[in-house]
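Visitor: Sharing a structure below in structure tokens format, with a few things to ask.
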Amino acid sequence: MDQIRVCNAFLRKHVPGFEAAVFSGVAPRIGIRETRRIVGEEALTGEDVLASRRRADSVARGAHEIDMHAAGSAHTRQEIPGGSYYDIPFGTLVPRGLRNVLVAGRCLSSTREGQSSARVMGPCLAMGQAVGTPAAAFGNVIAGNGDVRDVPLGELQNLLRLQGAQI
Ligand SMILES: Cc1cc2nc3c(=O)[nH]c(=O)nc-3n(C[C@H](O)[C@H](O)[C@H](O)COP(=O)(O)OP(=O)(O)OC[C@H]3O[C@@H](n4cnc5c(N)ncnc54)[C@H](O)[C@@H]3O)c2cc1C
């Protein structure tokens, strides 16, 4: 609540349009940074993040530091050297052992360190685009007995680039 008061005062004072803004309510549930993660065809690791690892099967990118919050005020942070970014491969969004299922967001297949970077909103949005696009565009491939693993990755990547995605 203290932070909300500070943010509210900042918005009213410094951001045009917020002069008369009033605080109307707060989320009814607390948010949780680390939730369940799938076991996917591949996993994003902390090493991938810190090495700014590029991937041929990239469908999204992340650039947030490793950012693990533990009980109390314990907090581990490791910035990506050079302020660079890493690729998020398609396989981290494909649950192992399931057919025609894709996931997006903080539940991606990853180690704890990898998730602590990729869980922030930008990559989560990008992952959503990366799995929504094949679902919409490659129905001919995944329908019937098909599977998301059969989606032509190069065509998907071209489509994502045409949409302006950073991959
Ligand atoms: C305290 C806190 C601070 C954070 N600070 C930042 C920050 O400063 N910057 C940043 O980028 N990120 C921050 N994050 C992280 C970021 O907000 C989340 O990791 C991110 O939003 C996760 O996105 P998601 O799409 O995976 O999940 P969510 O955003 O949680 O979306 C999942 C959605 O699915 C819905 N849902 C759940 N179950 C069902 C169901 N059965 N049927 C239909 N819908 C369902 C939920 O209602 C929800 O809308 C913070 C997180 C927390 C908890």
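Visitor: Surrounded by 15 or more Cβ atoms within 10 Å (Cβ to Cβ) and within 16 Å of the ligand (Cβ to nearest atom), is that true of ASP57? Show your work before the answer.
Guide: Working: surrounded by 15 or more Cβ atoms within 10 Å (Cβ to Cβ): yes; within 16 Å of the ligand (Cβ to nearest atom): no.
The answer is no for ASP57.
Visitor: Please name all residue pairs, on different chains or six or more residues apart, with Cβ atoms under 6 Å, provided the first residue is in the range 119-132 and is under 17 Å from ASP67 (Cβ atoms) and basic (Lys, Arg) and the second residue is within 6 Å of the ligand (Cβ to nearest atom) and at pLDDT 95 or above.
Guide: The qualifying pairs are ARG119/ARG106.
Visitor: Also, I was wondering about something else. Could you say which residue among GLY97, GLY105 is touching a helix residue (DSSP H, G or I) at 6+ places or on another chain (Cβ under 6 Å), modelled with pLDDT of 95 or more and surrounded by fewer than 19 Cβ atoms within 10 Å (Cβ to Cβ)? Steps first, please.
Guide: Working: GLY97 fails: touching a helix residue (DSSP H, G or I) at 6+ places or on another chain (Cβ under 6 Å).
Only one candidate qualifies: GLY105.
Visitor: Just checking, which of PRO123, PRO134 is away from the ligand (no atom under 16 Å from the Cβ), farther than 15 Å from LEU98 by Cα, not hydroxyl-bearing (Ser, Thr, Tyr) and not in a loop (DSSP other than H, G, I, E, B)?
Guide: PRO134
Each row is one residue, and each column tells you yes or no for (1) exposed (fewer than 10 other Cβ atoms within 10 Å of the Cβ); (2) farther than 24 Å from SER109 by Cβ; (3) within 16 Å of the ligand (Cβ to nearest atom); (4) of a type in the set (Phe, Trp, Tyr).
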{"position": "ARG5", "(1), (2), (3), (4)": "no, yes, no, no"}
{"position": "ALA9", "(1), (2), (3), (4)": "no, yes, no, no"}
{"position": "ARG12", "(1), (2), (3), (4)": "no, yes, no, no"}
{"position": "ALA21", "(1), (2), (3), (4)": "no, yes, no, no"}
{"position": "ARG29", "(1), (2), (3), (4)": "yes, yes, yes, no"}
{"position": "ILE32", "(1), (2), (3), (4)": "yes, no, yes, no"}
{"position": "SER73", "(1), (2), (3), (4)": "yes, yes, yes, no"}
{"position": "GLY82", "(1), (2), (3), (4)": "yes, yes, no, no"}
{"position": "ASP87", "(1), (2), (3), (4)": "no, no, no, no"}
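The values are calculated or read from the model by the stated rules, or taken from the named source; none is laboratory data. Small disclaimer: the values here were computed from a predicted structure and weren't measured. FYI the Cβ positions are ideal-geometry reconstructions off the backbone, even for glycines, and counts take in every protein chain you see.
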